[in-house]
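Worksheet: the structure to be examined is printed underneath.
The values are calculated or read from the model by the stated rules, or taken from the named source; none is laboratory data. Every value quoted in this text rests on a predicted model; they were computed, and no experiment measured them. Glycine gets a Cβ as well: all are built from the backbone with ideal geometry, and neighbour counts include every protein chain shown.
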Amino acid sequence: MTAGLLYVTMQPQCGLPDAQFHDWYNNEHGPLRLRLPFFPNGFRYRATDADAESPYSATKHEWVALYDITDSAEFVRPPYTTLREDTIKTEREKQTMSQISVDRRMFDFVKEWKADDYKQAEDIDADSEGTVLISVCFKIQPGTEDKLTSWYNEEHVDMLKKVPGWRRSRRFVTSSVLNPSAETKEYLALHEYAPKNGLGGPEFKAATSSDRAKDVYGTVVSGRVRRAYQWYYTFGPAPRDLNSLSDAAYAATFSSRDGLTKTFSASTTANKRALIQSFVTTPDGVQLPFKLEGSSNPEAPLIVFVNSILSDWGIWDEFLDLFFAKPENRKYRVLRYRPRGRASDPGETPITLDLLSQDVITILDAMRVQKAAFVIGVSLGGATSLNVALKYPSRVQSFIACDTNSLAPPSNPTAWGERIALAENDPQAPTDPSTGARLVGEKLAEATTRRWFVAESYDGGVGQARAEKVKKYVFDNHLEGFKKSVKALYSYDLRDAMKTAGDGVLPQGMKKMAEDYGGNGAGHLPMAEQPEKFLEAVEGFL
């Protein structure tokens, strides 16, 4: 295999709204490529080299996207080529790209040099903001490739390394899968620098004006084009750009062809919050649907909500409306997702608390979030949030574990086994019309909801409406998914891990809270049953 690079420059026409351009690129086009296993990363850079005499235009593009590829052969075969077929492109992609000048080039990797402390830009803890990229594209005179190579290897890059802020240099050549001739073959050099650097300084001038450099520029290189860029965006396999969707002048909704990704600009939603609905794929191939909303700042602190078993992300609806109604809470982004077991295909990996916790980390990675501000879970989700904090302390700043325990009671397998039997023996249980999967059905839904909600909630009013909403979630849960995921509750014990956790005065505070507890009119899902009171408790901690 030969590693390669997809190098794409773009210039949107004046009539294309910025929000549409970035929404399409960041939430549709880029993530589709990053979901292909041979694209390990993808980045967008914005040019910084325009001036009055040389503005950006159809021939001098302002934007460039770089995608490393593990095997250049993938350039000319499905599924990459399929993405570019007219029958596969969405109508938004067709309409948007019709207003963009595009130059797409494919290269094979030649060589890389990097600083000793260089950190891959796609790494979750990489700080790419302000990174400067210098791109140099050129052809060469016949028979001079060895001369070019020796200059790079013996002098040029060694001198560039002395430039303050130098981070990495890479060389590429037109991909062999394109069968280039000697006359059409292009060479590309990419040089990365820290935001504060010595470009234009004495070290840089020395590297580009030595006798050997002058000789190469004069006798080897032809058609040389040098561009300067600054980092703009790092793609991930999941769409996460709320900034473009939060533009008040942008009124658009989008749905992918498979319906798995949907975006809603803030101006189109009832609560005026931009929303992204998509999915993350786990290492073992399970799709975890998610909803992302809140602050438009891509670096805003992220709160992850983890559902109880048999429920859905709607248990947080009223709470989040109350939460975001307060201006001080709009600094957060909020992510809700459907854990394994909601659908009938939770994968072949046995579901344990550790696996569910790993799923949270997979989501953080896909969102490019180094550390979640808060992970808030209830019931099985509460045990998951506790376990995430214990196993991955560097990835979670704080957590809230609601209505859960650090130890699975010995009675759990029997109790949950009885509930499984109740659902299995329900002759009226329906199937999912879209998949044919058997659903949990009425019997278990009614028994579960009655157990979860206090009797006072069945008041014929708001309380009962909330209970009925949750009952529908239980009713619609896929039976096979429930049977597999509930095993995570059969046996777990976090007590030893908790003993070694550095919680400061928190254990004493929790003990005092338990002593003072007198009931709050809520049962097992307080965020759904008493969202107003739950908000008070959560805000006090946040």
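Quick look at the values:
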{"read-out": "Candidate set: the range 240-278, residues that are in contact with a Leu (Cβ under 9 Å, 6 or more places away or on another chain) and in a strand (DSSP E or B); chosen: the one surrounded by the most Cβ atoms within 10 Å (Cβ to Cβ)", "value": "Thr263"}
{"read-out": "Residue check, Phe399 buried (at least 20 other Cβ atoms within 10 Å of the Cβ), in the same structural domain as Val306 (by TED's automatic domain parsing) and closer than 30 Å to Gln370 by Cβ", "value": "yes"}
{"read-out": "Neighbours by Cβ (under 7 Å, 6+ apart or cross-chain): first from the range 310-337, at pLDDT 95 or above; second in a helix (DSSP H, G or I) and surrounded by fewer than 19 Cβ atoms within 10 Å (Cβ to Cβ)", "value": "Gly314/Lys469; Leu322/Glu532; Arg330/Phe324"}
{"read-out": "First in the range 433-460 and surrounded by 11 or more Cβ atoms within 10 Å (Cβ to Cβ), second anywhere and of a type in the set (Lys, Arg), Cβ under 7 Å, 6 or more apart", "value": "Leu444/Arg419; Ala445/Lys471; Glu446/Lys471; Thr449/Lys471; Ser457/Arg466"}
{"read-out": "Selection count where residues are at pLDDT below 95 and within 19 Å of Ala497 (Cα to Cα), scope the range 347-382", "value": "0"}
{"read-out": "Qualifying residue in the range 279-300 (condition: of a type in the set (D, E, K, R) and touching a Leu at 6+ places or on another chain (Cβ under 7 Å))", "value": "yes"}
{"read-out": "Selection count where residues are in contact (Cβ under 8 Å) with a residue 12 or more places away in the chain, outside any loop (DSSP other than H, G, I, E, B) and either touching a Phe, Trp or Tyr at 6+ places or on another chain (Cβ under 7 Å) or not aliphatic (A, V, I, L, M) (or both), scope the range 75-92", "value": "3"}
{"read-out": "Failed item, numbered, when Ile276 is tested on (1) out of contact with any strand residue (DSSP E or B) (no Cβ under 7 Å at 6 or more places or on another chain); (2) assigned by TED's automatic domain parsing to the domain that holds Asp359", "value": "(1)"}
{"read-out": "Residue selected from the range 10-19 under the condition in contact with an Asp or Glu (Cβ under 9 Å, 6 or more places away or on another chain) and not acidic (Asp, Glu), by the criterion surrounded by the most Cβ atoms within 10 Å (Cβ to Cβ)", "value": "Pro12"}
{"read-out": "Yes/no for Asp108 being of a type in the set (Asp, Glu) and either in contact with a Leu (Cβ under 7 Å, 6 or more places away or on another chain) or without any contact (Cβ under 8 Å) to a residue 60 or more places away in the chain (or both)", "value": "no"}
{"read-out": "In the range 279-298, the residues that are in a loop (DSSP other than H, G, I, E, B) and either in contact with a strand residue (DSSP E or B) (Cβ under 7 Å, 6 or more places away or on another chain) or of a type in the set (Asp, Glu) (or both)", "value": "Thr282, Asp284, Ser295"}
{"read-out": "Tally of residues being free of Cβ contacts under 8 Å to residues at least 60 places away in the same chain and under 18 Å from Phe109 (Cβ atoms) across the range 33-64", "value": "4"}
